[in-house]
Amino acid sequence: MQKVFKSCDKLDQKCYESYITEDILMEHAAMGMEKYIRTHFAPGNSVLIVAGPGNNGADGITLARLLYHDYEVKLHLPYGIKSLMPKLQLKRANALGIEETEELEDADVIVDALFGAGLNRLLDDLSIQLIHKMNSFKGHKIACDIPTGVAEDGTLMPLAFNADTTLTMGAYKEALYLDESKDVIGKVERINLGMSSQLYEGESDTFVLEPEDMKLPTRDKEATHKGTFGHAAIFTGEKEGAGIIAGTAATRFGAGLTTLVIHEKIMAPPYLMHATTVPDNASALAIGMGLGGHFEEEFLQKYVINSHLPIVLDADALSSMLLLSIIEQRDREIVLTPHPKEFVLLWMILTGEVLKVSEVQAKRFEMVRMFNHKYPHVTLLLKGANTLIMQEENLYINPLGCTKLSKGGSGDVLSGLIVSLLAQGYPAIDAAIHGSLALAIAAQNYQGASYAMLATDLIDEVAKLELC
Ligand SMILES: NC(=O)C1=CN([C@@H]2O[C@H](COP(=O)(O)OP(=O)(O)OC[C@H]3O[C@@H](n4cnc5c(N)ncnc54)[C@H](O)[C@@H]3O)[C@@H](O)[C@H]2O)[C@H](O)CC1
């Protein structure tokens, strides 16, 4: 996993105090982009660099100098240049013979160095025209630091540069991981600014997860039996399919036993047990998926609220005042897995504040942190294109989800994976992180069409993860 920061200003300042000047940082920023281009594009290819008036533009001008002669470099400066660093970089570039180009033509590589971290107001007409044009080009699109149109505070403007790759300077930034930015960021790579990234970064309590972080349930001992791997009890309600999907996922992910707790007769697959109450040896619970109003309050009070077993609350449980009372229990492993609409409901129950889904989406990090401030002991997993997971003071971003997961049943699989890990004795935060990673990576591995994946396909992919 990698550290993530709200802004790099303080990190840059710390460098200056160590005599690592803006000029040094900028040279490395440009060298990082140069290396990326030289690795992916042979000399002779054309590179269009659109450079703005500030330091983001200066990065672009520096890149022009580094590529000039070997590549067909076209440098466009639509706003002229305003501050010290771009002036200095332009002098250096001009001295080598680089001239500005007035026309904006397609190229093999298009570099957006218009505005980076300094974007502080809506794009004007000139920028809008430029970005429309750059987006229409066929060349490979690189955003320098952060695509123009994505502000450092995470605001996505109505139009943004549509990057294939974002080469972000020094450290990963939160703005790159808002759901709304996911379609314009492309692949993200970090560029080191003249020192180890660990020295540049310092401390952070926010992290972006990588595929290598995924830990699968371990079965490294031979002298075991089904009881060694826990017993997941999944409350199954009006839509029994949701419980069956979650139960199948829980079993596939290693739970020694899985029981569907249900008050009606159902046709469950043979590997799932069913019962009308929670089995005595259950080691974790999951409730909410397809639940409806299936159980009496008294029953829920006895078997869910008073049980104190580790628990996943999903879907309908997140709009139940009774079930949400669980989050006050500080001695319990609790995972909440809302999607944004469910978050709106749970937030209303917990605080009385009525939010729109669009508001939650626009400030996902802030909302998760606000929830965490009230309930630090609860693991909150806010689903989305980039899933956010937080417990105590640490926030983890899982950016590995993909559109194949946008289908009914995916959330039930996730609840099943998490309750399975809880049942096997993993702490809530680990169960949420590794369940979420397993879900996302399994979806990526699915080989069918992007629109075709069923919950059962996803579970089949989970079953193969260890072999990948
Ligand atoms: N600071 C460092 O040591 C390093 C910075 N790097 C790069 O620098 C940019 C951030 O540079 P900064 O000068 O602060 O901001 P910008 O270049 O993004 O833009 C500032 C410039 O733009 C004007 N402006 C802002 N919004 C708009 C708008 N909507 N329309 C028109 N004009 C706008 C603003 O007034 C200023 O004039 C960072 O992203 C890195 O790329 C180096 O990489 C490393 C060292």
- Mind computing the radius of gyration and Dmax over the alpha-carbon atoms of the range 212-467? Å is fine for both. 16.9, 53
- How much of Lys14 can a 1.4 Å solvent probe reach, expressed as accessible area in Å² and rounded to 10? 80
- Query: If you find the alpha carbon centre of the range 229-253 and of the range 423-441, how far apart are they in angstrom?
  - Reply: 15
- Query: Of Asp280, Asp316, Asp153, which has the most accessible area and how do the rest follow, probe 1.4 Å?
  - Reply: Asp280, Asp153, Asp316
- Once Lys and Arg are counted +1 and Asp and Glu -1 for all other residues with Cβ under 13 Å from that of Thr403, the total becomes +1
- Solvent-accessible area per residue for the range 212-467 at a 1.4 Å probe radius, Å²? 43
- Item | Between the range 261-282 and the range 5-47, the alpha-carbon center distance in angstrom | 58
- Message: Let's see if you can work this out: charge +1 on each Lys and Arg Cβ, -1 on each Asp and Glu Cβ, no other charges. What is the dipole magnitude of the range 212-467 about its Cα centre, in debye to the nearest 20?
- Response: 340
- Task: Determine the percent antiparallel among the DSSP beta bridges restricted to the chain, to the nearest 5.
- Result: 20
- Task: For the range 271-393, state the semi-axes of the equivalent ellipsoid (square roots of 5 times the eigenvalues of the alpha-carbon gyration tensor), sorted largest first and rounded to whole angstrom.
- Result: 26, 15, 14
- Item | For the range 2-204: accessible area per residue (Å², 1.4 Å) | 45
- Note on the structure: Under 5 Å from the placed amide H of Gly290, counting only residues 5+ away or on other chains, we find Asp316
- Starting from the residue with the highest accessible area, list Met195, Met134 in decreasing order, probe 1.4 Å. Met195, Met134
- Item | Accessible-area composition of the chain, carbon plus sulfur, in percent [1.4 Å probe] | 52
- Query: Tell me, what ³J(HN,Hα) does each residue in the range 108-120 have, in order and in whole Hz, if you take phi through Karplus 6.51 cos²θ - 1.76 cosθ + 1.60 with θ = phi - 60° and put x for Gly and Pro?
  - Reply: 5, 10, 10, 10, 8, 10, 6, 9, x, 5, x, 4, 10
- Query: For the chain, what relative contact order do you get, as a whole percent, if you take Cα pairs closer than 8 Å and at least 6 residues apart?
  - Reply: 13
- Could you work out the Kirkwood radius for the chain, taking every pair of different alpha carbons, averaging 1/r and inverting it, reported in Å? 24.1
- Measure nothing fancy, just the Cα-based angle from helix 55-67's long axis to the longest principal axis of the chain, in degrees from 0 to 90, nearest 10. 70
- Computed helical MRE - 222 nm, the chain, DSSP H runs ≥ 4 contributing -39500 (n - 2.57), nearest 500: -10500 deg cm²/dmol
- Task: Compute the acute angle (0 to 90°) between the alpha-carbon long axis of helix 22-40 and the principal axis of greatest extent of the alpha-carbon atoms of the chain; round to the nearest 10°.
- Result: 80
- Message: Just to confirm the number: angle between the C-alpha axis of helix 455-464 and the first principal axis of the chain, 0 to 90 degrees, nearest 10?
- Response: 80
- Too long for a 24 Å Cα-Cα cut-off, among Lys356/Lys407; Lys10/Lys374; Lys173/Lys464; Lys91/Lys138; Lys6/Lys74; Lys215/Lys341, are Lys10/Lys374; Lys173/Lys464; Lys91/Lys138; Lys6/Lys74; Lys215/Lys341
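The values are calculated or read from the model by the stated rules, or taken from the named source; none is laboratory data. This structure is a prediction, so every number in the text was calculated from the model and none was measured. Reconstructed Cβ throughout: ideal geometry from the backbone, glycine too, with neighbour counts over all protein chains shown. In case anyone asks, the SASA skips ligands and DNA or RNA and just uses the protein heavy atoms, side chains included. Shrake-Rupley method; radii C 1.70, N 1.55, O 1.52, S 1.80 Å.
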